[in-house]
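The values are calculated or read from the model by the stated rules, or taken from the named source; none is laboratory data. Remember, predicted model here, so these are calculated numbers, not experimental data. As a convention, Cβ positions derive from the backbone with ideal geometry for all residues, glycine included, and neighbour counts pool all protein chains shown. The area values use the complete protein model at the heavy-atom level, side chains included, leaving out ligands, DNA and RNA. Shrake-Rupley method; radii C 1.70, N 1.55, O 1.52, S 1.80 Å.
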Amino acid sequence: MSDTPANFAFGMIGLGTMGRNLLLNMADHGFAVAGYDKQQKQVDLLSQEGQGKPVAGFTDPQAFVSSIKTPRAIMMLVPAGAIVDSVIAEISPLLAPGDILIDGGNSYYTDTTRRDEELKAKNLHFFGMGVSGGEEGARFGPSMMPGGDKDAYKTMEPVLQAIAAKVDGEPCVAWLGPGAAGHFVKMVHNGIEYGLMELIAETYGFMKTGLGMADDAIGQEFAKWNDGRLQSFLLDITKDIFAFKNPDGDGTLLLNDIKDEARAKGTGKWTSQVAFDLQAPIPTVDSAVSMRDLSKYKDLRVQLSTLYEPAAGQVAGDKDEVLKQLEQAFYFCTIISYAQGMHMLARASTEFKYDLSLSTIAKIWRGGCIIRSAFLNDIYNAFEHDKALGHLLLDGKVQELVQGAVPGARAIIGAAVAAGLPVPAYTASLGYFDAFRTARLPSNLIQAQRDYFGAHTYELIGKEGTFHTQWTGLRGNVESPKGQAANEPPAVPKE
């Protein structure tokens with residue numbers, strides 16, 4: 001515990017798991033740091049874990065702020081929403097013009113935009129920063145996604161680079177763009193995370209029910225995959241879960257005693273909602289969000305399982321060959337999940353003028369964060385080679401990987417559907433790919449239907465303007481709406 005409380009370089013508000021471990025990480029790198037929490041037990045934990053380090057804890061906000069040297073740099077790591085606003089309201093009157101306030105939680109990006117404008121009016125520097133990596137990442141090196149006030153980030157850059165995860169000696173942190181760019185990128189990161197977790201869960205279900213594999217065999221298969229091209233943090237922890245026995249010593253797998261009802265904090269739902277607003281399709285993420293919701297209806301699921309037996313059957317074929325196809329299928333869907341997220345980021349970059357560098361985002365995701373994986377190197381290379389790449393699936397190397405894996409995806413999805421195994425994220429991934437690689441979709445019929453029942457107009461191949469047809473009667477007449485320019489939709493009659 002430092003005895004010079006007037007000379008701390010950095011302050012942290014919120015001494016929960018993430019905030020406390022980030023402070024200790026900073027202290028390990030030689031920075032004198034202070035923490036503030038209203039709960040004395042959290043301050044006591046910081047004191048215990050930070051013994052012998054340049055760390056101090058406070059429950060008095062004024063004493064906390066006064067302990068940090070000016071210009072002050074303070075990070076908030078508290079739950080998203082109204083709590084962030086209440087902390088800002090409490091702390092900002094104690095700050096001086098030029099001080100820096102950082103929101104390191106999972107705040108919704110529009111809230112970050114609003115707070116940036118409000119604090120700018122008070123001559124305070126502010127930026128939102130996504131932090132990924134969980135407890136271990138916070139303590140030993142997270143991936144961090146800051147955006148907003150670039151000058152404020154530059155002031156904090158030496159600290160953030162020091163504590164970030166390193167890949168090939170490079171820190172997994174970079175300023176990403178103005179406004180709420182950092183929190184937006186973290187939101188999409190979490191959406192990809194939802195998709196990957198659902199794909200792993202569906203793979204587990206396929207092995208356990210469809211192939212009748214024992215738990216230890218499933219764990220060994222995941223471990224084998226993690227030693228190859230599918231290497232990732234999520235598979236790494238999954239193999240550990242399949243090796244973890246009940247603490248009571250009966251030798252059974254703890255996983256089998258956990259309720260099959262998945263919960264969520266909302267960031268995946270935000271990703272889906274914003275993707276719809278941006279018209280950026282991310283069906284793998286959407287399926288993952290929906291399946292977490294569906295899993296909560298346990299009583300209904302049990303009831304329906306008795307009405308529609310058998311719910312699922314075994315998958316036919318040579319098990320070794322099926323497992324080979326399953327590895328291909330999972331790899332294919334992994335590529336698609338990342339591709340959807342990167343496309344959404346590209347759309348947001350244009351819509352919100354973030355000017356995001358997709359290669360930089362892939363680069364800082366390679367270490368420290370929950371979705372780190374070997375495939376992120378391929379994503380980095382794709383966007384570094386062509387910074388104007390319109391979609392990840394257009395990259396030549398990625399094209400080779402997809403073409404090598406998609407046959408396995410088709411085989412596994414077909415087998416799962418035939419056996420009655422639920423694989424919605426798998427099927428959503430393949431449907432997305434097949435739709436995007438189709439030059440002419442049947443969407444022209446939808447436009448004709450919309451024009452038929454609502455006079456919503458349509459466009460014609462090779463002709464400028466919009467058109468409307470009177471679909472009933474002896475003959476349909478294709479015409480531009482009368483009394484207005486051809487590229488303007490007609491007024492829809494009120495019912």
Given the conditions (1) out of contact with any Lys or Arg (no Cβ under 7 Å at 6 or more places or on another chain); (2) open to solvent by less than 30 Å² (accessible area, probe 1.4 Å); (3) of a type outside the set (Gly, Ala, Ser), every one holds for Tyr108 apart from (2)
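Condition first: assigned to a helix (DSSP H, G or I), open to solvent by 10 Å² or more (accessible area, probe 1.4 Å) and touching a Phe, Trp or Tyr at 6+ places or on another chain (Cβ under 9 Å). Now tell me which residues in segment 135-154 satisfy that.
Here is the first cut: in segment 135-154, the ones assigned to a helix (DSSP H, G or I) are 135-140, 150-154.
With open to solvent by 10 Å² or more (accessible area, probe 1.4 Å) added as a condition, the list becomes 135-136, 139-140, 150-151, 154.
Of everything in segment 135-154, those that are assigned to a helix (DSSP H, G or I), open to solvent by 10 Å² or more (accessible area, probe 1.4 Å) and touching a Phe, Trp or Tyr at 6+ places or on another chain (Cβ under 9 Å) turn out to be Lys150, Lys154.
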Hits in segment 117-134 - residues which are surrounded by fewer than 21 Cβ atoms within 10 Å (Cβ to Cβ) and touching a residue at least 40 places away in the same chain (Cβ under 8 Å): Gly134
Counting just the residues of segment 233-257 that are modelled with pLDDT under 90 and of a type in the set (Gly, Ala, Ser), which one comes out nearest to Ser373 (Cα to Cα)? Gly251
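Is it true that Gly212 is open to solvent by 10 Å² or more (accessible area, probe 1.4 Å) and assigned to a loop (DSSP other than H, G, I, E, B)?
Values: open to solvent by 10 Å² or more (accessible area, probe 1.4 Å): yes; assigned to a loop (DSSP other than H, G, I, E, B): yes.
Yes.
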Unmet requirement for Trp175, which otherwise passes all of (1) closer than 15 Å to Gly130 by Cβ; (2) in a helix (DSSP H, G or I): (2)
Being open to solvent by less than 80 Å² (accessible area, probe 1.4 Å) and modelled with pLDDT of 95 or more, is that true of even one residue in segment 312-319? no
Would you point out the residue of segment 78-105, among those that are β-branched (Val, Ile, Thr) and either under 22 Å from Gln42 (Cα atoms) or without any contact (Cβ under 8 Å) to a residue 40 or more places away in the chain (or both), that is surrounded by the most Cβ atoms within 10 Å (Cβ to Cβ)? Ile102
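Identify, please: which residue in segment 272-289 is assigned to a helix (DSSP H, G or I) and more than 21 Å from Val423 (Cα to Cα) and is, among those, most open to solvent (accessible area, probe 1.4 Å)?
Start the filter on segment 272-289 by keeping residues that are assigned to a helix (DSSP H, G or I), which leaves 272-278, 283-289.
Add one more test, that the residue is more than 21 Å from Val423 (Cα to Cα), and what stays is 273-278.
Numbers: Gln273: 91, Val274: 2, Ala275: 3, Phe276: 144, Asp277: 121, Leu278: 8 Å².
My answer is Phe276.
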Tell me, yes or no, whether segment 155-169 has at least one residue that is touching a strand residue (DSSP E or B) at 6+ places or on another chain (Cβ under 7 Å), open to solvent by less than 10 Å² (accessible area, probe 1.4 Å) and either assigned to a strand (DSSP E or B) or hydroxyl-bearing (Ser, Thr, Tyr) (or both). no
Testing Lys269 on (1) free of Cβ contacts under 8 Å to residues at least 24 places away in the same chain; (2) surrounded by fewer than 16 Cβ atoms within 10 Å (Cβ to Cβ), one condition comes back false. Which one is that? (2)
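Here are Tyr354, Tyr426, Tyr338: which of them is in a loop (DSSP other than H, G, I, E, B) and either buried (at least 22 other Cβ atoms within 10 Å of the Cβ) or in contact with a Gly (Cβ under 6 Å, 6 or more places away or on another chain) (or both)?
Details: Tyr426 fails: in a loop (DSSP other than H, G, I, E, B); Tyr338 fails: in a loop (DSSP other than H, G, I, E, B).
So the residue among Tyr354, Tyr426, Tyr338 that is in a loop (DSSP other than H, G, I, E, B) and either buried (at least 22 other Cβ atoms within 10 Å of the Cβ) or in contact with a Gly (Cβ under 6 Å, 6 or more places away or on another chain) (or both) is Tyr354.
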Being in contact with a Leu (Cβ under 7 Å, 6 or more places away or on another chain), buried (at least 22 other Cβ atoms within 10 Å of the Cβ) and among the hydrophobic types (A, V, I, L, M, F, W, C): is that true of Ala348 here? yes
Failed criterion for Asp260 (all others in (1) modelled with pLDDT of 95 or more; (2) surrounded by fewer than 21 Cβ atoms within 10 Å (Cβ to Cβ); (3) more than 23 Å from Leu401 (Cα to Cα) hold): (1)
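Can we say Lys397 is in a loop (DSSP other than H, G, I, E, B), open to solvent by 60 Å² or more (accessible area, probe 1.4 Å) and over 26 Å from Ala316 (Cβ atoms)? Walk me through it before giving the result.
Values: in a loop (DSSP other than H, G, I, E, B): no; open to solvent by 60 Å² or more (accessible area, probe 1.4 Å): yes; over 26 Å from Ala316 (Cβ atoms): yes.
Here the answer is no, as Lys397 does not meet what is asked.
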